[in-house]
Every structure is written in structure tokens, then in C-alpha cells.
Amino acid sequence: MPRRSPLPPSPPPVEIRTWPDREALLRDRALILGELVRMFVGPGRLGVLWMWTGVAALGWSLAGAAFVMFEEAQGPLDTIPGVISLAIGAAVLIPGAAFLAVGAARDVRVHRLLVEWGALDRDPVGDLPLRMPKANVAWLLTSFALCAAGLLGCVVVPATARAGQETYGTVAWLMGLGFLAWLAGLTGLVKAFAHRRWVLRVLVGTKAEQPVTAGG
């Protein structure tokens, strides 16, 4: 499992802030926001999402292979390889799915901190690196491709099953893979749109807000 950096705390309340001036506040704000943005839409986070999705897909593939073995089994002994494959698949699938869920919960906390720290003040020039348009486009394109592939699998596979071209075990296996791809793609799309919305509302300031500077 990749090592996770600890999340920074929320900004201190106005009454206990100790920044001596606005420049000091902006330096700390830029440092923390830079780290939070990398945690949210950095290339490493995209790699982590794909990695755990791949782990979950591998686990489901082993489970799907077990379903096919059960269908083709001619006797009790023939089900033993399927049981082994199912057990290994569950051992791989469950951690992969769990880490995907943990990552989604962490992303919610990171986004909340982005909003809180970003709302402290405005720094149009210093905030330019935080927009990360290329990373955002990468999230959008790859996530859209995953969603499209997942939805295609979930739609086409049942159609082939109705035509009698696939067994039920194969259908369950392929539809499970499609669902995982769609879920990972949807997660990426939500993050990409959330980051873009944060840039527009907090950094650019399309919503009228008053900056909260050092000392209130």
C-alpha cells in the first residue's frame, strides 16, 4: 500500500490566528493548498485510482473464472479449482474495493480542506499553479474513457447473453468488470469537476465572497 501523507489541519479560527501579516498568511496558504491539490488531482492520485481499480478487477476476474468453472463442472471434484479461484479472488477483490472506498472518503476531506484554506484570501497570481488544467484534462479524458468502456460492457454483455452467446458465469464476470470500470471512471469525473468548480468559485471568485485576512 502506498504511503499516505497526513492531512493538514483546518485553518485556525479568526480569534487565535497568529500570522503577523497578510504575506505570511499567503505563504502558508499557498504551501498547504499546493499539497492538498496534489493529493486531490495530482498525477499520483490518478495512478493510485487506476492501481486499486486494477487490483479490484483482478480479484473479480478470479471470482468470475470461478463462476465459469462451477457452470462447467461435471462433479463435486470439478468444483475444487473454482472454490480456490473464488477464495483467491475474494482475497484480492475485498482489499482493492476497501482501499477505493477509503480513498474516496479521504478525497472528501481533502476537498473540504481545499475550500477552507482557499477561502482565507485571494492571490490571483500565486494561485495560478493550483489550477492544474493539464492534470484536470487528464482526469476528465481517462475517466470518461473508463465510464464509456464500463457502460458499454454493462449494456452489450447482457444483450449477448440474451442472444445465447455467453454463459451466465461469463456474463457476471464481464458485467462486474464493466461496473468496476464505470465506478472508477465516475469517481474520476466527479473529482475533475469538483476541482474545476473549486478553481472557479474559490480561486477565481465567481461567487462573491470577502477574503478573510490575518487577524480577521
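The values are calculated or read from the model by the stated rules, or taken from the named source; none is laboratory data. Because the structure is predicted, anything quoted here is derived from the model rather than measured. Here Cβ is always computed from backbone atoms with ideal geometry, including for glycine, and neighbour counts include all displayed protein chains. Remember, those area values only see protein heavy atoms, side chains included, never the ligands or the DNA or RNA. Shrake-Rupley method; radii C 1.70, N 1.55, O 1.52, S 1.80 Å.
I'd like to know if segment 163-172 contains one or more residues that are crowded, with 17+ Cβ neighbours inside 10 Å, under 18 Å from GLY44 (Cα atoms) and either modelled with pLDDT of 80 or more or of a type in the set (Gly, Ala, Ser) (or both). No; the residues of segment 163-172 include none that is crowded, with 17+ Cβ neighbours inside 10 Å, under 18 Å from GLY44 (Cα atoms) and either modelled with pLDDT of 80 or more or of a type in the set (Gly, Ala, Ser) (or both). Please enumerate the residues belonging to segment 5-28 that are touching a Ser or Thr at 6+ places or on another chain (Cβ under 7 Å) and charged (D, E, K, R). Across segment 5-28, the qualifying residue is only ARG22. Of the residues making up segment 62-87, those that are over 21 Å from MET175 (Cα atoms), in a helix (DSSP H, G or I) and not hydrophobic (A, V, I, L, M, F, W, C) are PRO76, ASP78, THR79, PRO81. Number of residues in segment 168-205 that are more than 17 Å from the chain's Cα centre (by Cα) and under 28 Å from LEU113 (Cβ atoms) equals 7. If the condition is being among the polar types (S, T, N, Q) and open to solvent by 60 Å² or more (accessible area, probe 1.4 Å), then segment 15-64 contributes only THR18. What is the residue count in segment 1-39 for residues that are in contact (Cβ under 8 Å) with a residue 60 or more places away in the chain and either closer than 24 Å to ASN136 by Cα or in a helix (DSSP H, G or I) (or both)? Going through segment 1-39 one residue at a time, the tally reaches 17.
Which residues, taken from segment 40-72, are in contact with a Ser or Thr (Cβ under 9 Å, 6 or more places away or on another chain) and more than 19 Å from LEU141 (Cα to Cα)?
Going through segment 40-72, the residues in contact with a Ser or Thr (Cβ under 9 Å, 6 or more places away or on another chain) turn out to be 46, 49-50, 53, 62-72.
Selection gives LEU62, ALA63, GLY64, ALA65, ALA66, PHE67, VAL68, MET69, PHE70, GLU71, GLU72.
The condition of being assigned to a helix (DSSP H, G or I), within 30 Å of VAL14 (Cβ to Cβ) and open to solvent by 20 Å² or more (accessible area, probe 1.4 Å) holds for PRO129.
Among the listed residues LEU152, LEU203, identify the single one that is farther than 20 Å from TRP52 by Cβ, modelled with pLDDT under 90, open to solvent by less than 60 Å² (accessible area, probe 1.4 Å) and in a helix (DSSP H, G or I). Give the derivation first.
Working: LEU152 fails: open to solvent by less than 60 Å² (accessible area, probe 1.4 Å).
The match here is LEU203.
Which residues, counting only those in segment 65-95, are surrounded by 14 or more Cβ atoms within 10 Å (Cβ to Cβ), small (Gly, Ala, Ser), under 25 Å from the mean Cα position of the chain (by Cα) and farther than 21 Å from VAL157 by Cβ? Before you say what the answer is, go through the steps one by one.
Pass one, segment 65-95, residues surrounded by 14 or more Cβ atoms within 10 Å (Cβ to Cβ): 65-70, 73, 79, 81-82, 85-86, 88-90, 92-93, 95.
Filter once more, so that each one left must be small (Gly, Ala, Ser): 65-66, 73, 82, 85, 89-90.
Add one more test, that the residue is under 25 Å from the mean Cα position of the chain (by Cα), and what stays is 89-90.
Passing the criteria: only ALA90.
Conditions (1) of a type outside the set (Val, Ile, Thr); (2) touching a Phe, Trp or Tyr at 6+ places or on another chain (Cβ under 9 Å); (3) under 30 Å from GLY178 (Cβ atoms), marked per residue:
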site	(1), (2), (3)
ALA101	yes, no, yes
ALA104	yes, no, yes
GLY118	yes, yes, no
PRO124	yes, no, no
LEU128	yes, no, no
LYS134	yes, no, yes
VAL137	no, no, yes
GLY150	yes, yes, yes
